[in-house]
Amino acid sequence: MRKLIASPSGWLLTESPDPVARAGEAVVRVTRALIDPQWATGARASGVSPGREFVGTVVSTGPGGLEGRRVMASASIACSECDLCRAGLSVHCRNRSELGVARDGAMAERVALPATALHEIPKGLDDDRACFASALGRALHAADFVRLEGKPYVTIVGDDAVALLSAQVMTQRNASVRVLGREETRFGLCEKWGVKHRHIDQVGRRADQDVVFVCSDAPGDLEIALRLARPRATVLLVAPQSRSLEKDHSAIQVLHASEIALIGSRGERLAEALRLLATDGVDVRSLLTARYRFSQYADAFARAARPDTLRVLLEAA
């Protein structure tokens, strides 16, 4: 089979043996995969194909029979055996592996995955929209940490696909939502959905927001989020932060003085995301910037590197 791997000179298309399903696994033929600009230009593990947002068809499996079914998979693969998995906290599995990091991801023609990590795609949901289940699942998981009373003020810091999906989700849950971003070409989507938007450098720090989603890992954005939050507000870390909070003394002072709840969010609500996509409950079509065939991967990655890109789709030949 063919798969993409990272090299010092860029992405390489290589030939590898077809994966073989072990006990409890299934081999999935990838039919659609999304390129996330946030990892498209970064260094990846040598010999591992990238990608964690995809749709495929099961071509072989062990007992139980999933052959022929359209599926997608969790981005984080749990072991199902550790104490946290047994306690229902598989998102925090002690032995978890990440698609496209510790094991082959979606930029391979076939991938072997535990059957427990697969989610069947509902009938009527097309492959293009189904590819966004992972990103939407992250937005839904973060939203579940928030208790809404009345019509709270919610700010989304960031303007990537997860941020824009979070804005849609929170608007549907009766929040007054605004998006603070840097890429002005994405503000048109906010207008389309009736979501307020501003450039992040044009917003005051009035400490009046009930909830702040931090979907950006840009330096200083976490501190901005804390200064936007009212006393005893909730700040959700949806994107991992590249800078240690321990070294940001001013942010710690705000966190302590205003008694802000700082919550990390890394899980996915995939079943809920697939149901919402099947009913066309959110707009993900507008998040698809361009599409290419798998053989056009070089052009696809070049497009993904442009600042106005949200997601690029690769189709199997």
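Residues being within 19 Å of residue 154 (Cβ to Cβ), surrounded by 15 or more Cβ atoms within 10 Å (Cβ to Cβ) and touching a strand residue (DSSP E or B) at 6+ places or on another chain (Cβ under 9 Å) are represented in segment 265-279 by at least one member.
If we keep just the residues of segment 186-214 that are in a loop (DSSP other than H, G, I, E, B) and not acidic (Asp, Glu), which is nearest to residue 141 (Cα to Cα)?
Residues of segment 186-214 that are in a loop (DSSP other than H, G, I, E, B), as a first pass: 194-195, 203-208.
Among the residues that remain, those that are also not acidic (Asp, Glu) are: 194-195, 203-207.
Details: 194: 23, 195: 20, 203: 27, 204: 28, 205: 27, 206: 27, 207: 25 Å.
By that ranking, first place goes to 195.
Residue count for segment 249-301 under the criterion of being assigned to a helix (DSSP H, G or I), under 19 Å from residue 233 (Cα atoms) and among the hydroxyl-bearing types (Ser, Thr, Tyr): the result is 1. Filtered by the rule that a residue be at pLDDT 95 or above and among the aromatic types (Phe, Trp, Tyr), segment 270-317 gives a lone residue, 292.
If the requirement is being surrounded by fewer than 20 Cβ atoms within 10 Å (Cβ to Cβ), within 20 Å of residue 304 (Cβ to Cβ) and assigned by TED's automatic domain parsing to the domain that holds residue 272, which of these qualifies: 127, 104, 83? Write out each step before concluding.
Values: 104 fails: surrounded by fewer than 20 Cβ atoms within 10 Å (Cβ to Cβ); 83 fails: within 20 Å of residue 304 (Cβ to Cβ).
Only one candidate qualifies: 127.
Restricting attention to segment 292-311, the residues that are under 21 Å from residue 13 (Cβ atoms), in contact with a Leu (Cβ under 7 Å, 6 or more places away or on another chain) and in contact (Cβ under 8 Å) with a residue 40 or more places away in the chain add up to 4.
Of the residues 222, 180, only one is touching a Lys or Arg at 6+ places or on another chain (Cβ under 9 Å), surrounded by 21 or more Cβ atoms within 10 Å (Cβ to Cβ), modelled with pLDDT under 95 and not polar (S, T, N, Q); which? Steps first, answer last, please.
Numbers: 180 fails: modelled with pLDDT under 95.
Answer to the check: 222.
When restricted to residues that are over 19 Å from the mean Cα position of the chain (by Cα) and more than 27 Å from residue 307 (Cα to Cα), segment 141-188 contains 12. Residue check: is residue 66 under 22 Å from residue 273 (Cβ atoms) and in contact (Cβ under 8 Å) with a residue 24 or more places away in the chain? Judged against the criteria, residue 66 is a match.
Quick one: in segment 248-257, which of the residues that are small (Gly, Ala, Ser) and surrounded by fewer than 16 Cβ atoms within 10 Å (Cβ to Cβ) is nearest to residue 229 (Cα to Cα)? Once the filter is applied, the top-ranked residue is 257.
Given the condition assigned to a helix (DSSP H, G or I) and not assigned by TED's automatic domain parsing to the domain that holds residue 294, answer yes or no: does some residue in segment 177-185 qualify? Yes; the residues of segment 177-185 include at least one that is assigned to a helix (DSSP H, G or I) and not assigned by TED's automatic domain parsing to the domain that holds residue 294.
In segment 130-169, which residue that is surrounded by fewer than 20 Cβ atoms within 10 Å (Cβ to Cβ) and among the aromatic types (Phe, Trp, Tyr) is farthest from residue 315 (Cα to Cα)? Checking each candidate, the answer is 153.
The values are calculated or read from the model by the stated rules, or taken from the named source; none is laboratory data. Treat the numbers as computed from the prediction; the structure is a model and nothing was measured. So basically every Cβ, Gly included, is an ideal-geometry build from the backbone, and we count neighbours across all protein chains shown.
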